[in-house]
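Below is one structure; the comments refer to it alone.
The values are calculated or read from the model by the stated rules, or taken from the named source; none is laboratory data. Quick caveat: nothing in here was measured; it's all calculated off a predicted structure. Every residue, glycine among them, receives a Cβ derived from its backbone with ideal geometry; neighbour counts consider all protein chains shown. Protein only, heavy atoms only, side chains kept; ligands, DNA and RNA dropped before computing areas. Shrake-Rupley method; radii C 1.70, N 1.55, O 1.52, S 1.80 Å.
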Amino acid sequence: MIRIVIADDHTIMREGLKRILDGAPDIDIVGEAIDGFEVLGHVRQGGFDLLLLDLSMPGRSGVDLIRQIKAEAPKLAILILTMHEEEQYAVRAIRAGAQGYLTKESAGTQLVGAIRKVASGRPYISTEVAEQLALNIMMPHESLLHKQLSDREFEVFSLLVAGRSITEIANSLHLSVKTVSTHKTRIMQKMGMASLSEMVQYAVAHRLLSPFKT
């Protein structure tokens, strides 16, 4: 039996996932979480084998949360289920310690298989993500500007180009407005850009725009 915890802040999504998994006799949902703090509570309590984790939730989320989970429970399997289709999000999540990456669009047909594969100790990633990971190993100093950003900077960059204000980003990531402003300044310096519109144009050109939940 594979015991899993579902972490997603949308009730409809959690209920939908539970319906998908109802027909799998070897999968048992033992808990749910709606934000990063509840996720860490489950991790510290233990008693499950796999965490089905949304990449964008209130509180601690994303790569930062993955790293903390792996630091506290290195053997816990993590399968990311997200709206982000772009390979760059997947690469950062895998490098942080996730064993699998699945888009919500594919959940209906691939979720059960992905859970079984990750729970057995094998990775579950798309061909595109595998190719991107290989390219990162072969060309670690590739000159794409967004690859110079830290994981937190990339998270802020992604929210900025998605149209979020500095105040909205601060609230979403539980940071101060000043800290987010500092991140924005460093991002623009690292990428050699003078305006948000330049960042948006870059994001469009490199397929880095992704839908963020409100």
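Give the number of residues within segment 1-60 that are at positive phi and touching a Lys or Arg at 6+ places or on another chain (Cβ under 8 Å).
Qualifying residue count for the region: 1.
So which residues in segment 131-154 are modelled with pLDDT of 85 or more and open to solvent by less than 40 Å² (accessible area, probe 1.4 Å), if there are any at all?
146, 149, 153, 154
Only one residue in 65, 55 is assigned to a loop (DSSP other than H, G, I, E, B), free of Cβ contacts under 8 Å to residues at least 40 places away in the same chain and either in contact with a strand residue (DSSP E or B) (Cβ under 8 Å, 6 or more places away or on another chain) or of a type outside the set (D, E, K, R) (or both), so which one is that? Explain how you work it out, then say what you get.
Numbers: 65 fails: assigned to a loop (DSSP other than H, G, I, E, B).
Going through 65, 55 in turn, just one is assigned to a loop (DSSP other than H, G, I, E, B), free of Cβ contacts under 8 Å to residues at least 40 places away in the same chain and either in contact with a strand residue (DSSP E or B) (Cβ under 8 Å, 6 or more places away or on another chain) or of a type outside the set (D, E, K, R) (or both): 55.
Identify, please: which residue in segment 74-87 is part of a loop (DSSP other than H, G, I, E, B) and in contact with a Lys or Arg (Cβ under 8 Å, 6 or more places away or on another chain) and is, among those, most open to solvent (accessible area, probe 1.4 Å)? So that I can check it myself, show each step before the final result.
Step one: of segment 74-87, the residues part of a loop (DSSP other than H, G, I, E, B) are 74-76, 83-86.
Then keep just the ones that are in contact with a Lys or Arg (Cβ under 8 Å, 6 or more places away or on another chain); that gives 76, 83, 86.
On the way: 76: 16, 83: 72, 86: 24 Å².
It comes out as 83.
Does residue 71 fit the bill of being in contact (Cβ under 8 Å) with a residue 60 or more places away in the chain, of a type in the set (Gly, Ala, Ser) and either open to solvent by 30 Å² or more (accessible area, probe 1.4 Å) or in a helix (DSSP H, G or I) (or both)?
Values: in contact (Cβ under 8 Å) with a residue 60 or more places away in the chain: no; of a type in the set (Gly, Ala, Ser): yes; either open to solvent by 30 Å² or more (accessible area, probe 1.4 Å) or in a helix (DSSP H, G or I) (or both): yes.
Criteria not met by residue 71.
Can you tell me which residues in segment 171-214 are among the aliphatic types (A, V, I, L, M), open to solvent by less than 40 Å² (accessible area, probe 1.4 Å) and modelled with pLDDT of 90 or more?
First, the residues of segment 171-214 that are among the aliphatic types (A, V, I, L, M): 173, 175, 177, 180, 187-188, 191, 193-194, 196, 199-200, 203-205, 208-209.
Subset that is open to solvent by less than 40 Å² (accessible area, probe 1.4 Å): 173, 180, 187-188, 191, 193, 199, 203, 208.
Correct list: 180, 187, 188, 191, 193, 199.
From (1) at pLDDT below 90; (2) at negative phi; (3) open to solvent by less than 20 Å² (accessible area, probe 1.4 Å), pick out the condition that doesn't hold for residue 64.
It fails just one condition, (3).
Quick one: what pairs do we get from segment 166-193, first residue outside the structural domain of residue 56 (by the TED database), second among the basic types (Lys, Arg) and assigned to a helix (DSSP H, G or I), C-beta under 9 Å, 6+ apart or different chains?
As it stands, the answer is 166/184; 169/184; 170/178; 173/152; 175/152; 183/152, since those pairs meet every condition given.
Among the residues of segment 24-51, write down those that are more than 19 Å from the chain's Cα centre (by Cα) and without any contact (Cβ under 8 Å) to a residue 60 or more places away in the chain.
Of everything in segment 24-51, those that are more than 19 Å from the chain's Cα centre (by Cα) and without any contact (Cβ under 8 Å) to a residue 60 or more places away in the chain turn out to be 25, 28, 29, 30, 31, 44, 45, 46, 47, 48.
Being among the polar types (S, T, N, Q) and surrounded by fewer than 21 Cβ atoms within 10 Å (Cβ to Cβ) is the filter; apply it to segment 88-130 and report the residue that is modelled with the lowest pLDDT.
The first filter runs over segment 88-130 and keeps only residues among the polar types (S, T, N, Q), leaving 88, 99, 103, 106, 109-110, 120, 126-127.
From what is left, the residues that are surrounded by fewer than 21 Cβ atoms within 10 Å (Cβ to Cβ) are 88, 103, 106, 109-110, 120, 126-127.
Numbers: 88: 70, 103: 83, 106: 82, 109: 86, 110: 89, 120: 95, 126: 75, 127: 74.
Per the stated criteria, the residue is 88.
For segment 17-43, enumerate the residues that are open to solvent by less than 70 Å² (accessible area, probe 1.4 Å), closer than 15 Å to residue 115 by Cβ and assigned to a helix (DSSP H, G or I).
Passing the criteria: 17, 18, 20, 21.
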